[in-house]
Amino acid sequence: MKLSGHEINSHLRQKLEMPTGRHLYVVLGTYDRLDRYERVDFRETRSPSGQRLGDPVNINHSLLDRINDDELKRMVQTEASRTESVKDRLAKELDTLVAERLNGSSFLAIKNLEILFAYDLELNCLRIRATNQKHILILLPGEKVGDRITLFHEAQVQNHRTLPTNLVPENHLWELSE
């Protein structure tokens, strides 16, 4: 079901009041619509205690910032022969980044996850870390068609990805209306 930004905020606020369970949420939409949601509607969202939730973390930039320049240069030069080690390093950095951000807060919003899908990384660390008092919201370019979620749907077909079906429960998934 497609919802307005305000409707998504209302659903999110209700979910934030639940202290136990899995708390991984996804907002789907076009890049333009997600950007508009982040700039306008999401800024209005408040925690149950009335606090602003904070700006979404750009995962692409944050992961690359965590790797020093010399090591990043080496990784890029040897990537073709060492894809698994690059994947392992990115997965480790993602898990550490999420853990650090949730250490100081009960809520984390993330965006720009293209690097994760480019390297076909598992997203389980997000699901595992989004439990009990910790909540993670993912802003993802995509659309729901039937029971399948196609990510990067605005790109050429060979760049489309599918969101794993077991990652996010149906009632934690919202699609922005235009």
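The values are calculated or read from the model by the stated rules, or taken from the named source; none is laboratory data. What you are looking at is a predicted structure, and each value in this text was computed from that prediction instead of being measured. Because the Cβ atoms are built from the backbone with ideal geometry, glycine has one as well, and the counts that use them run over all protein chains shown. The protein model used for the area step is the full one, side chains on, heavy atoms only, and it has no ligands, DNA or RNA in it. Shrake-Rupley method; radii C 1.70, N 1.55, O 1.52, S 1.80 Å.
Candidates are the residues of segment 62-72 that are open to solvent by less than 30 Å² (accessible area, probe 1.4 Å) and part of a helix (DSSP H, G or I); the one that is nearest to Ser10 (Cα to Cα) is Ser62. Considering only residues that are assigned to a helix (DSSP H, G or I) and touching a His at 6+ places or on another chain (Cβ under 8 Å), look in segment 4-33 and name the one that is nearest to Glu175 (Cα to Cα). Here the answer is Lys15.
Restricting His6, His11 to those that are touching a residue at least 40 places away in the same chain (Cβ under 8 Å) and over 13 Å from the mean Cα position of the chain (by Cα) reduces the list to His11. Suppose the filter is in contact (Cβ under 8 Å) with a residue 24 or more places away in the chain, assigned to a strand (DSSP E or B) and either of a type in the set (D, E, K, R) or closer than 25 Å to Gln14 by Cβ (or both); does Glu143 pass it? So Glu143 fits the description; yes. Return a yes/no flag: does segment 164-177 have any residue that is open to solvent by 70 Å² or more (accessible area, probe 1.4 Å), β-branched (Val, Ile, Thr) and over 24 Å from Asp41 (Cβ atoms). There is at least one residue in segment 164-177 that is open to solvent by 70 Å² or more (accessible area, probe 1.4 Å), β-branched (Val, Ile, Thr) and over 24 Å from Asp41 (Cβ atoms). Looking only at residues in segment 96-113 that are among the polar types (S, T, N, Q) and within 22 Å of Pro48 (Cβ to Cβ), the one that is most open to solvent (accessible area, probe 1.4 Å) is Asn103.
Test each condition in (1) open to solvent by less than 20 Å² (accessible area, probe 1.4 Å); (2) touching a residue at least 40 places away in the same chain (Cβ under 8 Å) for Val86 and report the one that comes out false. So the condition that Val86 fails would be (2).
Taken over segment 48-61, the criterion of being within 20 Å of Tyr37 (Cβ to Cβ), open to solvent by 20 Å² or more (accessible area, probe 1.4 Å) and either touching a residue at least 24 places away in the same chain (Cβ under 8 Å) or aromatic (Phe, Trp, Tyr) (or both) is satisfied by Leu53, Gly54, Asp55, Asn58, Asn60, His61.
When the residues of segment 114-151 are narrowed to those that are open to solvent by 50 Å² or more (accessible area, probe 1.4 Å) and hydrophobic (A, V, I, L, M, F, W, C), which ends up modelled with the highest pLDDT? Result: Ile128. When Leu108 is tested against (1) over 19 Å from Leu12 (Cα atoms); (2) under 15 Å from the mean Cα position of the chain (by Cα); (3) in contact (Cβ under 8 Å) with a residue 24 or more places away in the chain, just one condition goes unmet, and that condition is (1).
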